[in-house]
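The structure appears right after this line, and notes come after that.
The values are calculated or read from the model by the stated rules, or taken from the named source; none is laboratory data. What you are looking at is a predicted structure, and each value in this text was computed from that prediction instead of being measured. As a convention, Cβ positions derive from the backbone with ideal geometry for all residues, glycine included, and neighbour counts pool all protein chains shown.
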Amino acid sequence: MSHTDKAPHQPQRMCIGCRHSDDQVALIRLHVRAVSGTDTPSVHVDTGARAGGRGAWLHPNQDCFQRALKSRGFARAFRGQVDTTALAAEFTIACSATENVRDQHESGSKI
């Protein structure tokens, strides 16, 4: 196999729910934002995976989301207490969007 025949390198990230590594493109990035009037930052989906600051990664499924909540994965990843109340709805929408893109890609449709 020549140098040009190699598959391109995919960055690896660890899911904070199941703690397994996977290709970055297979995960959803989360980040924290300061909330005015409170000391606890809020966790949000980073749709472009480019927001500044500390980030964390989750597989786009509810099992990993629930595991991260139960195992304090968010607090560990963001190095402190964070508010995840707004995240549940955002994460569900992001999972649906990821699933739709994956379905289109697998069917050969152009996005």
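Things worth noting here:
- Selection count, segment 7-45, where residues are polar (S, T, N, Q) and in contact (Cβ under 8 Å) with a residue 24 or more places away in the chain: 4
- Taken over segment 31-61, the residue count meeting the criterion of being within 22 Å of residue 97 (Cβ to Cβ) and in contact with a Ser or Thr (Cβ under 9 Å, 6 or more places away or on another chain) is 5.
- Taking the numbered list (1) farther than 15 Å from residue 17 by Cβ; (2) modelled with pLDDT under 95; (3) under 13 Å from the mean Cα position of the chain (by Cα) in turn, residue 103 passes all entries but (3).
- Residue 48 being more than 20 Å from residue 79 (Cβ to Cβ), free of Cβ contacts under 8 Å to residues at least 12 places away in the same chain and under 17 Å from the mean Cα position of the chain (by Cα): yes
- Within segment 57-87, tally of residues that are in a strand (DSSP E or B) and surrounded by fewer than 18 Cβ atoms within 10 Å (Cβ to Cβ): 1
- Residue within segment 12-21 that is modelled with pLDDT of 95 or more and among the small types (Gly, Ala, Ser) present: yes
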